[in-house]
């Protein structure tokens, strides 16, 4: 194959396309050729275009495969470097709108309509003997003037004729007053309490304000909804003047409780007999109620047979008392012993430090029992209580 003949062609200086030597315009870029004969093809031509890289199809596919593998490797590395369970949160900017406040209409108080009364028609009345305007008005509970005006009578009502027809106005009923709300005791006390609005200064403390106005600090905190003792300059607090502590003065005399009723005696039965073998006698009575710390029962036992006023008085808070064996008679004959109980209240001490007791209730009825003092020549005793004389306590 012979080499291409280049002497019959020319090169476009703009795009480097070869054209026939007789061509006047480049078919690629459209440039017009001048009449100057084409330069020799052996001379190097300056190409202003970007160099082109021509790849075959297998090489292009191989490069695409390499790029895809590199991308997959990068994604795998990023996924493995992220801890499991970590959620990537994309912050979302939320636009905050300015709230629009609408003024609610002020509720108006609805007044309760007062009841209206329809006037009642007058009553027709026939005048009887001895009737006067005053007597008729009194009978129908109206004023005489209303009868005079309704019937066009003279001002002094004059003399009425028997059988004369008069119109008697019916009295207008009086409307009942509307019920008023009644405050509770707590609300009434709160309404009656005088309050002072105090403005805190720079040197004020809550304890100082409490001391100056003689109001307990806890009361001030409660009225003002405070949980601490801190106050601030310029703050306004409410001082309930009705809650002031009482000022020091004479100690009021304590009011004594009402007196107790007389205790009811239970055992022994009235007239019971005890032998010398009984080393002690137990007396029992019913309680008059819960005794206070300074109260007790005064139990008095007296030997009536002794004749010298042999008597003992003991104080106990229980409802029973054991007569000591030392009080048992020592003679061979039986002795009659009386006993009674009275509630008492301690009222100080004497010079020896012994309590002083005052009466705190009524004295019980007296009872007696017989007690033998010796076992020698002791007769057989009927255990059935025998009636005995009534003994007045304290006699």
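None of the figures in this text is laboratory data; all of them are computed from the coordinates on show. Given the structure is predicted, the values throughout are model-derived calculations rather than measurements. Heads up, the Cβs are rebuilt from the backbone with ideal geometry, glycines too, and the neighbour counts pull from every protein chain shown.
So if we plug the beta-carbon distance of residue 322 and residue 286 into 1/(1 + (r/R0)^6) with R0 = 22 Å, what FRET efficiency do we get, rounded to 0.05?
0.80
Relative to the present Cα-Cα distance, how much length would full extension add between residue 352 and residue 20 at 0.36 nm per residue of separation?
103.4 nm is the gain from fully extending residue 352 to residue 20.
Calculate the all-directions average of the projected area of region 229-358's alpha-carbon convex hull, and give it in nm². Walk me through the numbers before you get to the answer.
Working: hull surface 61.2 nm².
Over every viewing direction, the Cα hull of region 229-358 projects on average to 15.3 nm².
How high is the relative contact order of region 123-168, in percent, counting Cα pairs under 8 Å that sit 6 or more residues apart?
60
Can you give me the three principal axis dimensions of region 298-377 from its C-alpha atoms, in Å, biggest first?
Largest to smallest, the principal-axis extents are 49, 29, 23 Å.
If each of residue 69 and residue 195 carries a label point 7 Å out from its Cα toward its Cβ, how far apart are those two points in nm?
8.8
Could you bin all the Cα-Cα distances of region 192-243 into 10 Å bins starting at 0 and give me the percent of pairs in each, rounded to whole numbers?
Bins of 10 Å from zero give 26, 64, 10, 0 percent of pairs.
Per the Kirkwood treatment, what hydrodynamic radius in Å, one decimal, follows for region 123-168 from the mean inverse distance over all distinct Cα pairs?
It is 10.3 Å.
Run the numbers for residue 212 and residue 155: contour at 0.36 nm per residue of separation, minus the present Cα-Cα distance, in nm.
Stretched fully, the residue 212-residue 155 segment lengthens by 13.2 nm.
Sequence gap at least 6, Cα distance under 8 Å: using those rules, report the relative contact order of region 256-377 to the nearest whole percent. Don't skip to the answer; put the middle values down first.
Values: 274 pairs, mean separation 43.0, N = 122.
Computed over region 256-377, the figure is 35 percent.
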